[in-house]
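Novice: Quick one: the structure is below, and I'll ask about it shortly.
The values are calculated or read from the model by the stated rules, or taken from the named source; none is laboratory data. In this text the structure is predicted, and so the values were computed from the model without any measurement. FYI the Cβ positions are ideal-geometry reconstructions off the backbone, even for glycines, and counts take in every protein chain you see. Protein only, heavy atoms only, side chains kept; ligands, DNA and RNA dropped before computing areas. Shrake-Rupley method; radii C 1.70, N 1.55, O 1.52, S 1.80 Å.
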Amino acid sequence: MAPSHALRCCKRALNWIPVLFINLVVGWSYYAYVVELCVYTIPNNAERISYLVIFHIFLTMFIWSYWKTIWSKPAGPSKAFALPRAEKELYEREERAETQQEILKKVARNLPVYTRTAGGAIRYCDNCQVIKPDRCHHCSTCEMCVLKMDHHCPWVNNCVGFSNYKYFVLFLAYASLYCIVICATVIQYFIKFWTKQLPDTHAKFHILFLFFVAALFFISILSLLGYHLWLVGKNRTTIEAFRAPVFANGPDKNGFSLGFSRNVAEVFGDQAKYWFFPVFSSLGDGHSFVTRLVHIDPEQANSVLQQNGKSPTDGETNPSVHGNNTQHTGEDSKEKIDRGQIVSVTVENCRHISTELINFDALKQEHQHLHRSRSPPSF
């Protein structure tokens, strides 16, 4: 036990090496820019002050979003997704996989869970002993199930998921802008040192190296930022981009896509004033998601989760309701016209979902027939 505990501690310590490396590079870039460039190299006070102001603005946003990504604890499934004691004992005693699936299906009927494994089975984590919510995956490094898991990033030593995905995207954006500011303001002095227009001083090495490092980091970060902005527009995670989520009717890579504007709002929120700041504004609670095929009423989902053991004291982020995603009626029914069909989904406390497909052309012909039959007779 002792050697195993020591190895785990060493592994956790080693995981901080990439974070330490990033902070050392940023610390050196601060010294090279502020001291070697602005203090010793730039002769004009107005230029020096303007560079320092712009530099510190982007540095502050970059550091703020970076450390928010690091220190935001990954959100895990609530107690509502754990098996009740009786079903858990039956599941652990049962050796047949078919019977275990029947137990999981019985419990999952009370939960807003609509995705399955590739074989059509209920997604269950044996390590965490919970039914996985939609878009939730187990991280072997963090040793927990993470809501809307995107990936485990070694550069932040944390899982990127529902609780910090917005911070991660902002970190990439501000890191790119930070590198652009450095390259744009350093390039003229880089050229002067390179062409011998300025004398060789101790600042020459720092300025030359600073430009190269900023340019290389910008190229690498920009590609990653572009990829994640594409994922945001498609409402996919990195895992879903490589393996499409499986619904009752089969895999669908666009199953969670609701259109570009609503996809962006799901990550950044529906209030533009919060988009550019690393403060939590993502919509939802990470446990249930509106899809193209099934429209989940967030109020119904939240009430069911509370009845099954979820409460605000679980340390979860305060959910935001998708006010523009569903329409409430007296019978809790939703109707959607999609590709010439009307999909009617009825939610009864998230226990039963019945889907009725009616051919739109047939409905249109019936309406025309009724209209003709009600027309006044001609004399």
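Novice: Among 156, 160, 113, 146, which is the only one that is among the aliphatic types (A, V, I, L, M), surrounded by 18 or more Cβ atoms within 10 Å (Cβ to Cβ) and over 22 Å from residue 15 (Cβ atoms)?
Specialist: 113
Novice: So, one more: Does the stretch 1-49 hold any residues that are part of a helix (DSSP H, G or I), over 18 Å from residue 183 (Cα atoms) and not aliphatic (A, V, I, L, M), and which are they?
Specialist: 3, 4, 5, 8, 9, 10, 11, 12, 18, 21, 23, 45, listed by residue number.
Novice: Regarding residue 291, is this residue closer than 20 Å to residue 113 by Cα and polar (S, T, N, Q)?
Specialist: Numbers: closer than 20 Å to residue 113 by Cα: yes; polar (S, T, N, Q): yes.
Taking the combined requirement at face value, the residue satisfies it.
Novice: In this structure, is residue 45 out of contact with any helix residue (DSSP H, G or I) (no Cβ under 8 Å at 6 or more places or on another chain), open to solvent by 20 Å² or more (accessible area, probe 1.4 Å), free of Cβ contacts under 8 Å to residues at least 12 places away in the same chain and of a type in the set (S, T, N, Q)?
Specialist: In short, yes.
Novice: Give me the residue from the stretch 198-219 that is closer than 13 Å to residue 31 by Cβ, open to solvent by 40 Å² or more (accessible area, probe 1.4 Å) and touching a residue at least 40 places away in the same chain (Cβ under 8 Å) and, out of that set, nearest to the chain's Cα centre (by Cα).
Specialist: 209
Novice: Could you look through the stretch 63-112, keep only residues that are free of Cβ contacts under 8 Å to residues at least 60 places away in the same chain and not in a helix (DSSP H, G or I), and pick out the one that is nearest to residue 162 (Cα to Cα)?
Specialist: Among them, the one singled out is 83.
Novice: Here is a follow-up. Please pick out the residue among 39, 53, 35 that is in contact with a Lys or Arg (Cβ under 9 Å, 6 or more places away or on another chain), more than 30 Å from residue 163 (Cβ to Cβ) and loosely packed, with under 14 Cβ neighbours inside 10 Å. Steps first, please.
Specialist: Working: 53 fails: in contact with a Lys or Arg (Cβ under 9 Å, 6 or more places away or on another chain); 35 fails: in contact with a Lys or Arg (Cβ under 9 Å, 6 or more places away or on another chain).
After ruling out the rest, the residue left standing is 39.
Condition check ((1) at pLDDT 95 or above; (2) within 14 Å of the chain's Cα centre (by Cα); (3) not basic (Lys, Arg)) across all residues:
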position: 229; (1), (2), (3): yes, yes, yes
position: 233; (1), (2), (3): yes, yes, yes
position: 237; (1), (2), (3): yes, yes, yes
position: 243; (1), (2), (3): no, no, no
position: 272; (1), (2), (3): no, no, yes
position: 290; (1), (2), (3): no, no, yes
position: 300; (1), (2), (3): no, no, yes
position: 304; (1), (2), (3): no, no, yes
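Novice: Given the conditions (1) in contact with a strand residue (DSSP E or B) (Cβ under 9 Å, 6 or more places away or on another chain); (2) under 20 Å from residue 152 (Cα atoms); (3) open to solvent by less than 40 Å² (accessible area, probe 1.4 Å), and given that residue 66 satisfies all but one, which numbered condition is not satisfied?
Specialist: Looking at each condition in turn, residue 66 falls short on (1).
Novice: So which residues in the stretch 28-57 are more than 34 Å from the chain's Cα centre (by Cα) and of a type in the set (S, T, N, Q), if there are any at all?
Specialist: Of everything in the stretch 28-57, those that are more than 34 Å from the chain's Cα centre (by Cα) and of a type in the set (S, T, N, Q) turn out to be 41, 44, 45, 50.
Novice: State whether the residues of the stretch 20-27 include one that is in contact with a Pro (Cβ under 6 Å, 6 or more places away or on another chain), under 24 Å from residue 151 (Cα atoms), open to solvent by less than 50 Å² (accessible area, probe 1.4 Å) and in contact (Cβ under 8 Å) with a residue 12 or more places away in the chain.
Specialist: No - not one qualifying residue is present in the stretch 20-27.
Novice: Please go through the stretch 260-289 and pick out each residue that is over 19 Å from residue 228 (Cα atoms) and open to solvent by less than 20 Å² (accessible area, probe 1.4 Å).
Specialist: If the condition is that a residue be over 19 Å from residue 228 (Cα atoms) and open to solvent by less than 20 Å² (accessible area, probe 1.4 Å), then 284, 285, 287, 288, 289 are the ones that fit.
Novice: Determine whether the stretch 137-146 contains at least one residue that is of a type outside the set (Gly, Ala, Ser) and within 14 Å of the chain's Cα centre (by Cα).
Specialist: yes
Novice: While we're on this one: Among the residues that make up the stretch 224-235, is at least one of them within 27 Å of residue 123 (Cβ to Cβ), assigned to a loop (DSSP other than H, G, I, E, B) and in contact with a Lys or Arg (Cβ under 9 Å, 6 or more places away or on another chain)?
Specialist: Yes: one or more hits.
Novice: Can you pull out every residue in the stretch 118-152 that is in a strand (DSSP E or B) and either in contact with a helix residue (DSSP H, G or I) (Cβ under 7 Å, 6 or more places away or on another chain) or of a type in the set (Ser, Thr, Tyr) (or both)?
Specialist: Step one: of the stretch 118-152, the residues in a strand (DSSP E or B) are 124-125, 130-131, 137-139, 144-146, 151-152.
Correct list: 124, 130, 131, 137, 151.
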